[in-house]
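Student: Can you read through this structure? Questions will come right after.
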Amino acid sequence: MSDTTWLQRAASAMRAFRESDRPLVSLARDLLWVAAVVGGIALLLYLFAGTWPAVVTIESESMVPNMNVGDLVLVVDEDRFGGLTTWVEGQRTGQSSFGNYGDVIVYRPNGADSVHPIIHRAMTYVDTAAVEESGLGAYYDDPHGGYITRGDNNPYTDQPNLRISGIGVIEPVKKEWIVGKALVAVPLVGYLPLHLAEFAVVVILVILIHDFVLARRKEKEE
């Protein structure tokens, strides 16, 4: 088969797919369009934020009142729009975000991908010597430096007070564990990802109803 013949058949198949009135083909066409739009938005978010995921949803009250359950948070690379600032540094320079000094970071607890990332404020940075001298090293098998973090609504820091099943006591956050820092939060929009399965069902139902109405209208016109 020549390249020209193959291209002609491919073009014919694409044309038939675009123009088909069959319900299943129409549904597939609509779903592909939705996927293309979502993929395009995801690509633009990644190019802007420089990290992935570029958005996260607040699922607990640990950052109340500065972040609330259901908020959708835009996350950017930690060094984008200025370097990462801790609460201690923010007190000295006046830099603040989300109602308090310093930056709010998203990090993988102990570097694990098996649990959801945590979004808490970076309080200070400590090196390995400071961890050992402070007594924090006694909580970890391999003491190391990193960021000490805390939820604005929590009375204590994550290190060493927070323990996650299957992960253990939360360690100081290494730079490579940081997903990014929070840039802006949009209230309530985050409820959508929390109910993604239900939303997908609604979208598919709307598409089916739309195609059904169009098919009936076309039948009446003919």
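The values are calculated or read from the model by the stated rules, or taken from the named source; none is laboratory data. Only a predicted model underlies this, so the values are computations on that prediction, with no experimental measurement involved. So basically every Cβ, Gly included, is an ideal-geometry build from the backbone, and we count neighbours across all protein chains shown. Remember, those area values only see protein heavy atoms, side chains included, never the ligands or the DNA or RNA. Shrake-Rupley method; radii C 1.70, N 1.55, O 1.52, S 1.80 Å.
Student: Arrange the peptides 28-35, 153-160 so that the one whose residues have, on average, the most other Cβ atoms within 10 Å appears first.
Tutor: Listed from highest to lowest mean packing, they are 153-160, 28-35.
Student: Moving on. Just to make sure I understand: if all protein chains stay in place, what is the order of Y140, Y46 by accessible area at 1.4 Å, largest first?
Tutor: Y46, Y140
Student: Can you order the peptides 128-138, 66-76 by their average number of other Cβ atoms within 10 Å per residue, highest first?
Tutor: Ranked from most to least packed, the peptides come out as 66-76, 128-138.
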